[in-house]
Structures are given as C-alpha cells and as structure tokens.
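Participant: Quick one: structure below, then a few questions.
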Amino acid sequence: MKKAIASLILGLSLAIGLKHQIVSALPLQKINDRQEHNFGIDAQLWGNFNSSGDLQSLVTAVDYSLQYLATPKAAKDYRRYSGTKFSLARVRRSLVRFRRLLITAKSPRELQQAVESEFEFYQSVGKDNQGTVEFTGYFVPTYRASRVPNAEYRYPLYRKPTNFDNWRKPHPTRAQLEGKDGLQGNKTVLAGHELVWLRDRMEAFLVQVQGSAKLQLTDGTQMSITYGGSTNYRYTSIGGELVKDGIFPKEELTLPRLLEYFESHPQALDKYIPRNNRFIFFYETGPKSPNGSLSVPVTAERSIATDKSIMPPGALALIQAPIPQVSSSGTLETRSVTRYVLDQDTGSAIKGAGRVDIFLGSGDLAGDRAGLLNGPGKLYYLLLKE
C-alpha cells in the first residue's frame, strides 16, 4: 500500500457542494500594524541552488482563479459575500494586479515590497482567535489498476449512477453499497457503474479519501480520475475509529503505524472501512491536474483547500506553514516557509477558520511530503487597496 496523507487521520479534500447562505462577516481581521507581522518572502518563486523556481506555476494558478471568477458559478458564489470586503470585483482586481507584479518583479524581495505597499492583509482568526491555523497536505496518489476485473484486480471504483439524484435519503450506507468486504457492489445499485478495478482494498479506499488519482493501467495506458459526487454522510476517519477502540493512543497514531496495523490485520479492514459511510464516485479526466471545488485544476504547492462556507473562493492568500522540503542530502526536512497560494479547493473535514489543506501534487514524493505536513502556521488573504 502507498503512503497516504495526514487526512486519513484528520480529514480529506474533496469538491463538495455548499449552500449559498449570506455571510455577514468573515473570520478575517485586517492587519493595521504591519510591524507586528513578519510576512516573510516567498523564496520558492525564483528558486535557489537546490531547486528551480515555480514562478510560472503560481502565474498558472492565478489564471485558473481568474478563469473561475469569470464564470456564472463565481457570480453566484460571491453573492454570499456581498456584505464583506471580499466582493467578486475586488478579488478579481487583486488577482489581475498581483499577476502583473509577478511577471515584472525582479526578485522575491522586490515582489514582497510591492505587495505590502499595494495590498491590504487580512489574517484568519484561526482555531483559537489568535491566528493559529493547522496545516495538512494532500496529493494525488498513483496506483496500478485494470479496466476489467480479474483475480488480481478485484476492488472497483464507481461512476455516479445516472439516477443518483433520485436516490431516497438517507442514502445507503457503505456496507449496503459495496458490502463489508468491498466486493459486493455488483449485487447492489452500483452494479454496472464500475469505472476501474484496483488490486488492494486500502488503495481503493485511499482514492476515495483523496478524491482523485492517477492510474497506471494493465493495458499500458494511463487514466486520471477525480471526484464526481458522494453520498450524504459526513466523513469518518478510520484512524480516529482505531483510537476510539483503544487500538492506539491518539498521540501514538501515525500513518506508518496505521498502515502497518492493517497490513498485519487485513481482516480489520472489513470492520473499519464500513464505518466511513461517505461513499465517493468518480469520473475520468484528461492528463491535466485534478479539479478542485471551483471546477478549475489545482496546482501543486500553490492551491489550498479551506472551508468555503467562510473563506473567499479563488482569492489570493499568503501562508506561513511547516512544509516538508527535499534537502541537499536528499532527505525530507520540515521547515516553516512563506508561500503565495490560491484558495481553490475545499473538503468535508476542512472546517472552520483554523484548518488549511495544501495540495502537493502527485506521486510517491508528494505522498511522502504530504504525510509529514501536519502543524501550525498562519493564513492571510490579500486585497488590493481601494
């Protein structure tokens, strides 16, 4: 089984629908005294002796947010924020100006000076009203899969049934949909909606946790899949269930230990996976990055997921977060970094002003880094001065 991210224990990032109730105030406080805040410099934009910069990736992420902000969906989404500083027009103007600064600045320091001069900073109040935000990471796993079932590839992922909108609520549980062993879907309403089959049950479950995946198929082709809907249940962490049952003390539960437990107790999968009744459907996409909740692709290192019931979609943000990096010796070292990001995704377990999930890309290295990304930091949103 591949390594998963901290969200196997703490949460997940998936595109989900949100109601459009009006937001009278956002959990963001305008920074009036800049001297009390050291925003830092986004050194990754231009790179260093260890790595090349990702300036173009950030420009691309900005363009995706601008693409979203030009849609009827954005116009509808931003009606919720009509009583706040974060209007659709102002968020868009902010991104257009920031993009111009990105392509004209000669250095990280020059960019930061221009941004601090022209933009207002709004800090998330965090989980404690003191600005503390808990950061985790997510990624797109890569697994082996087959377009047809056989003795080796037995665990299916499913398309959303065409009559799903007419399903009676509450929806069927996970056990009712696929059986406790994950192999009974061909006897339920899921029959005929199989998209692809995986070898390992935990891998199939982790794809549901992640909400997207890249698949290397047995016929030599590749398939990318992404979130296509879900049943109306809250996400239940199987790591949390192990703690509840006394398998691990909370402080000792890590991803390696969790995966090792299920590798040595495979029968326990039939007990714990069915406790998460939230069942995810998928659809096949092209070679581009997976879409976030704004229906635009997310960009590695530059897209974040927040609670979209209280945070402005597509907006420009600045994070100070403990992000694992590959050191000059080839090992992963976690250090606090400053990074410009775009708020382009959400998640059923990403709730409140004190949670942010950072998208780290795809593949094993992204998974290893995401598995280590878990710690406190700060989150700021930026608006062009009026």
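The values are calculated or read from the model by the stated rules, or taken from the named source; none is laboratory data. No experiment lies behind these values; they were computed from the predicted model shown. FYI the Cβ positions are ideal-geometry reconstructions off the backbone, even for glycines, and counts take in every protein chain you see.
Participant: Only strands (runs of 3 or more DSSP E) wholly contained in the stretch 127-231 count here; list those with 2 or more residues that are among the hydrophobic types (A, V, I, L, M, F, W, C) and touching a residue at least 12 places away in the same chain (Cβ under 8 Å). Outline the logic, then answer.
Facilitator: Details: elements: 133-140, 142-146, 155-158, 194-198, 212-217, 222-230.
Passing ranges, in order: 133-140, 194-198, 212-217, 222-230.
Participant: Just to be sure I understand, how many residues within the stretch 261-302 are outside any helix (DSSP H, G or I), at pLDDT below 95 and aromatic (Phe, Trp, Tyr)?
Facilitator: 2
Participant: Can you tell me which residues in the stretch 88-114 are more than 14 Å from LEU382 (Cβ to Cβ) and either of a type in the set (A, V, I, L, M, F, W, C) or surrounded by 15 or more Cβ atoms within 10 Å (Cβ to Cβ) (or both)?
Facilitator: If the condition is that a residue be more than 14 Å from LEU382 (Cβ to Cβ) and either of a type in the set (A, V, I, L, M, F, W, C) or surrounded by 15 or more Cβ atoms within 10 Å (Cβ to Cβ) (or both), then LEU88, ALA89, ILE103, ALA105, PRO108 are the ones that fit.
Participant: How many residues does the stretch 139-157 contain that are surrounded by 18 or more Cβ atoms within 10 Å (Cβ to Cβ) and of a type in the set (A, V, I, L, M, F, W, C)?
Facilitator: Within the stretch 139-157, residues that are surrounded by 18 or more Cβ atoms within 10 Å (Cβ to Cβ) and of a type in the set (A, V, I, L, M, F, W, C) number 4.
Participant: Kindly indicate the residue of the stretch 58-87 that is part of a helix (DSSP H, G or I) and among the hydroxyl-bearing types (Ser, Thr, Tyr) and also surrounded by the fewest Cβ atoms within 10 Å (Cβ to Cβ) among those meeting that condition. Even if it seems obvious, please write down each step before you answer.
Facilitator: Taking the stretch 58-87 first, the residues part of a helix (DSSP H, G or I) are 58-69, 72-81.
Subset that is among the hydroxyl-bearing types (Ser, Thr, Tyr): 60, 64-65, 68, 78, 81.
Numbers: THR60: 15, TYR64: 24, SER65: 27, TYR68: 21, TYR78: 22, TYR81: 23.
It comes out as THR60.
Participant: Out of all the residues in the stretch 183-220, which are under 26 Å from the mean Cα position of the chain (by Cα), of a type outside the set (A, V, I, L, M, F, W, C) and farther than 15 Å from ARG159 by Cα?
Facilitator: Of the stretch 183-220, the ones under 26 Å from the mean Cα position of the chain (by Cα) are 193-217.
Subsequent filtering for residues that are of a type outside the set (A, V, I, L, M, F, W, C) retains 193-194, 199-201, 203, 208, 210-212, 214, 216.
Answer for the stretch 183-220, where residues must be under 26 Å from the mean Cα position of the chain (by Cα), of a type outside the set (A, V, I, L, M, F, W, C) and farther than 15 Å from ARG159 by Cα: ARG199, ASP200, ARG201, GLU203, GLN210, LYS214, GLN216.
Participant: Okay, next question. Answer with yes or no whether LEU258 is in contact with a helix residue (DSSP H, G or I) (Cβ under 7 Å, 6 or more places away or on another chain), in a helix (DSSP H, G or I) and of a type outside the set (Asp, Glu). Don't jump to the end; show me each part of the working.
Facilitator: Numbers: in contact with a helix residue (DSSP H, G or I) (Cβ under 7 Å, 6 or more places away or on another chain): yes; in a helix (DSSP H, G or I): yes; of a type outside the set (Asp, Glu): yes.
Taking the combined requirement at face value, the residue satisfies it.
Participant: Something else: With surrounded by 14 or more Cβ atoms within 10 Å (Cβ to Cβ), at pLDDT 95 or above and not small (Gly, Ala, Ser) as the only criterion, which of LEU206, LEU195 stands out?
Facilitator: Numbers: LEU206 fails: at pLDDT 95 or above.
Going through LEU206, LEU195 in turn, the sole match is LEU195.
Participant: Residues that are of a type outside the set (A, V, I, L, M), in a strand (DSSP E or B) and buried (at least 24 other Cβ atoms within 10 Å of the Cβ): does the stretch 305-325 have at least one?
Facilitator: Filtering the stretch 305-325 for residues of a type outside the set (A, V, I, L, M) gives 306-309, 312-314, 320, 322, 324-325.
Next, only the ones that are in a strand (DSSP E or B) stay: 320, 322, 324-325.
Imposing the further condition that a residue be buried (at least 24 other Cβ atoms within 10 Å of the Cβ) reduces the set to none.
Within the stretch 305-325, none of the residues are of a type outside the set (A, V, I, L, M), in a strand (DSSP E or B) and buried (at least 24 other Cβ atoms within 10 Å of the Cβ).
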